[in-house]
Amino acid sequence: MRTRVKICGITRLEDALAAVDSGADALGFVFYAPSPRFVEPAVAEAIIKQLPPFVTTVALFVNASVDQVQTIMAQTGIDLLQFHGDESPEYCAQFDRPYFKALRMSPDIDVVAETKRFSLARGILLDAYRPGVPGGTGEAFDWERIPSDIDKPLILAGGLDQSNVVQAIRRVKPYAVDVSGGVEAAKGLKDCEKITSFMNEVARAN
Ligand SMILES: O=C(O)c1ccccc1NCC(=O)[C@H](O)[C@H](O)COP(=O)(O)O
């Protein structure tokens, strides 16, 4: 099966269209205010309205209030929710939208047990762990730590770029890969050439 691609941290229409033109399957919009990739909901709404069909849009939250999630869902019509903080299964499952849960690969995490906890999640995203930084670290983690018996679609994230994504796909065989920093000119500003190179490498691995 073809490895799908989510390009995260979209803040500009030109970057969204470049990602779509290059074949990205999903676009991520970060609604976590301290992130340099934070995008105002109104900007995300305007971008989403101008996307062609068959592109999945993802709203990314870190321990957001219920009201914030519901307000952004209503305003943007986003397709999927990504919870990247310490959210509980009950919190994640309360919204009228499918979600996937991000797990950061801390030294003591039990990925299989955590995956079972989020039984209603559409997928599990595994990301690098840096204390105090919820995501977008630009760092890869040891892919050997990924259990072979995860019973949900696996989205691999953390420090991916054109130089390591083929190795990542061949080693991990994830349902999808997720990239942010590896296709940027600066935080929050994507680089079209890096996007194209990354997608070409993914195609080479598929
Ligand atoms: O991207 C961010 O700035 C961010 C901030 C806080 C929580 C999550 C964040 N990003 C989540 C993602 O899905 C990123 O794509 C993922 O962490 C990988 O980022 P990178 O290592 O830069 O490719």
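Within the range 3-12, is even one residue open to solvent by less than 50 Å² (accessible area, probe 1.4 Å), on the phi > 0 side of the Ramachandran plot and modelled with pLDDT of 95 or more?
There is at least one residue in the range 3-12 that is open to solvent by less than 50 Å² (accessible area, probe 1.4 Å), on the phi > 0 side of the Ramachandran plot and modelled with pLDDT of 95 or more.
Which of the residues belonging to the range 118-153 are assigned to a loop (DSSP other than H, G, I, E, B), under 28 Å from Phe95 (Cα atoms) and within 12 Å of the ligand (Cβ to nearest atom)?
Ala128, Tyr129, Gly132, Pro134, Gly135, Gly136, Thr137 - these are the residues of the range 118-153 that are assigned to a loop (DSSP other than H, G, I, E, B), under 28 Å from Phe95 (Cα atoms) and within 12 Å of the ligand (Cβ to nearest atom).
Determine which member of the set Ala168, Ala176, Ala121, Ala205 is surrounded by 15 or more Cβ atoms within 10 Å (Cβ to Cβ) and over 18 Å from the mean Cα position of the chain (by Cα).
Ala205
Residue by residue, here is whether (1) open to solvent by 40 Å² or more (accessible area, probe 1.4 Å); (2) among the basic types (Lys, Arg) holds:
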| site | (1), (2) |
| --- | --- |
| Val55 | no, no |
| Ser65 | yes, no |
| Gln70 | yes, no |
| Thr76 | no, no |
| Gln82 | no, no |
| Glu90 | yes, no |
| Leu103 | no, no |
| Asp108 | yes, no |
| Arg117 | yes, yes |
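Just one of (1) assigned to a loop (DSSP other than H, G, I, E, B); (2) open to solvent by less than 20 Å² (accessible area, probe 1.4 Å) trips up Ile195, so point out which.
(1)
Among (1) open to solvent by less than 40 Å² (accessible area, probe 1.4 Å); (2) free of Cβ contacts under 8 Å to residues at least 40 places away in the same chain; (3) more than 10 Å from the ligand (Cβ to nearest atom), where does Leu156 come up short?
(3)
Considering only the range 138-151, state which residues are open to solvent by less than 60 Å² (accessible area, probe 1.4 Å) and in contact (Cβ under 8 Å) with a residue 40 or more places away in the chain.
Gly138
Which numbered condition trips up Pro36, out of (1) touching a residue at least 12 places away in the same chain (Cβ under 8 Å); (2) closer than 18 Å to Thr196 by Cα; (3) open to solvent by 10 Å² or more (accessible area, probe 1.4 Å)?
Result: Pro36 passes all but (2).
Out of (1) within 18 Å of the chain's Cα centre (by Cα); (2) closer than 26 Å to Gln50 by Cβ, what's the single condition that is false for Asp96?
Among (1) within 18 Å of the chain's Cα centre (by Cα); (2) closer than 26 Å to Gln50 by Cβ, Asp96 violates only (1).
Which ones in the range 164-192 are in contact with a helix residue (DSSP H, G or I) (Cβ under 9 Å, 6 or more places away or on another chain) and part of a helix (DSSP H, G or I)?
Val165, Val166, Gln167, Ala168, Ile169, Arg170, Arg171, Val172, Gly182, Val183, Cys192
The values are calculated or read from the model by the stated rules, or taken from the named source; none is laboratory data. Here the structure is a predicted model, which means the values were calculated and not measured. We place every Cβ from the backbone using ideal geometry, glycine too, and count neighbours over all the protein chains shown. We work out accessible area using only protein heavy atoms, side chains counted, and drop any ligands, DNA or RNA first. Shrake-Rupley method; radii C 1.70, N 1.55, O 1.52, S 1.80 Å.
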